[in-house]
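Note sheet for the following structure.
Values quoted throughout were computed directly from the atomic coordinates according to the rules given, and no laboratory measurement underlies them. Bear in mind that the values here come from a model prediction, so they are computed numbers and not experimental data. Every residue, glycine among them, receives a Cβ derived from its backbone with ideal geometry; neighbour counts consider all protein chains shown.
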């Protein structure tokens, strides 16, 4: 595993506290500690929850989903001993002492916003947190007695690079409360790579005790590398990284929990960008990366885009992103319908929003609109999410936008159908 490519990596045996609060499992059997109130801290990193209805993915991408293979199970290998686990919804608790930016942490603080669902905070990072309750029971003379419970959080965190063919899936178990036999549990694990990928390196989850229940993360990691190496290979292969954790309590049978991530997609279709070469890379295709237009460098472009978005056109938010199209006919139709009759003014050029290289352009329907002073013969004062806006801006700014978009598509591996957002910066 090329660990130098990645940040936030510690030794697999390190025990560290997760920033943002350890997520206490919430269940009917949870201890009083799990009933702490929700914190009020807000984090500045924009986090998107993966859509639950129709997953945003590239055309042809095989259907797959990250999951916990079994959400509850009991292992009973003798007439008297039994060990069970149940996956529960996590609950955030603020950590004592807060967080220092100097702390070395393997899991980013925005993981705490997962709430049990897949979330991402960038084009290359994805996380999920689940609660885990481990229960031990003993049966004597036909009477079953609970002899212990252990409450933990399980963290799945995967991060990749748009410039390399490998990525890493880290997993952590953080016990925060428990009693009896279950509180003496230990955990170990291993990872498999399923699909068009192979494991990369010898990383694993070494055996670690879950005592004491101190909310420290017991961590394991393993690398994986795509087998997508042929030129022009689209991101239509799949890879699932599957962790199997074995929970052991002295005197009881072992119990296993499996959890997987299937969010990272690799391709070799992005071409070169100037002096920067074509390369294989891996991203989270459903996460809409943000391209920012500088207001100081491109004032007229930024003004047009911000007004167009304010009028209701998409592209500013996770809920309504733009989607790239590489179909030349669609791009051409978008441009012609938006700017085909634009006036010929020296030093000026017609800008359309949404961009011609998106599936939200006029080829998909709607009417053209504009704003006062834009020099376009179209209605003003129009609002709503359909259609497109056109405006004459300095030719140099329009050319600059083209360069910004080419670099953005390259840097974030934005392919056909991939979502992205457009923002205005300083």
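Listing for the model above:
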{"item": "Exposure proxy order (Cβ contacts within 10 Å, fewest to most) of 151, 409", "result": "409, 151"}
{"item": "Order by protection proxy (mean Cβ within 10 Å, highest first), peptides 159-165, 139-145", "result": "159-165, 139-145"}
{"item": "Extension gain (nm, one decimal) between residue 341 and residue 65, 0.36 nm per residue minus Cα-Cα", "result": "94.7 nm"}
{"item": "Ranked 404, 414, criterion: other C-beta atoms within 10 Å, fewest first", "result": "404, 414"}
{"item": "Paramagnetic reach from residue 229 (point 7 Å along Cα→Cβ, amide N under 14 Å) across segment 149-173", "result": "165-166"}
{"item": "Proxy reagent accessibility, fewest Cβ within 10 Å first, across 197, 282", "result": "197, 282"}
{"item": "Inter-label distance for residue 372 and residue 329, nm, one decimal - labels placed 7 Å from Cα along Cα-to-Cβ", "result": "4.2 nm"}
{"item": "Gain on full stretching of the segment that runs from residue 49 to residue 297 - 0.36 nm per residue minus C-alpha separation", "result": "86.0 nm"}
{"item": "Pair-distance profile P(r), taking every C-alpha pair of segment 288-425, with 5 angstrom steps and integer %", "result": "2, 11, 21, 26, 23, 13, 3, 0"}
{"item": "Segment 169-328: projected area of the alpha-carbon convex hull, averaged over directions, in nm²", "result": "15.2 nm²"}
{"item": "Estimated FRET transfer efficiency (residue 76, residue 179; beta-carbon r; R0 30 Å; 0.05)", "result": "0.90"}
{"item": "Protection proxy ranking of 419-426, 119-126 - average other beta-carbon atoms within 10 Å, highest first", "result": "119-126, 419-426"}
{"item": "Rounded FRET efficiency, nearest 0.05, which uses the C-beta distance separating residue 424 from residue 275 and R0 of 22 Å", "result": "0.20"}
{"item": "Computed label-point distance, nm, for sites residue 399 and residue 139 using a 7 Å Cα→Cβ extension", "result": "8.1 nm"}
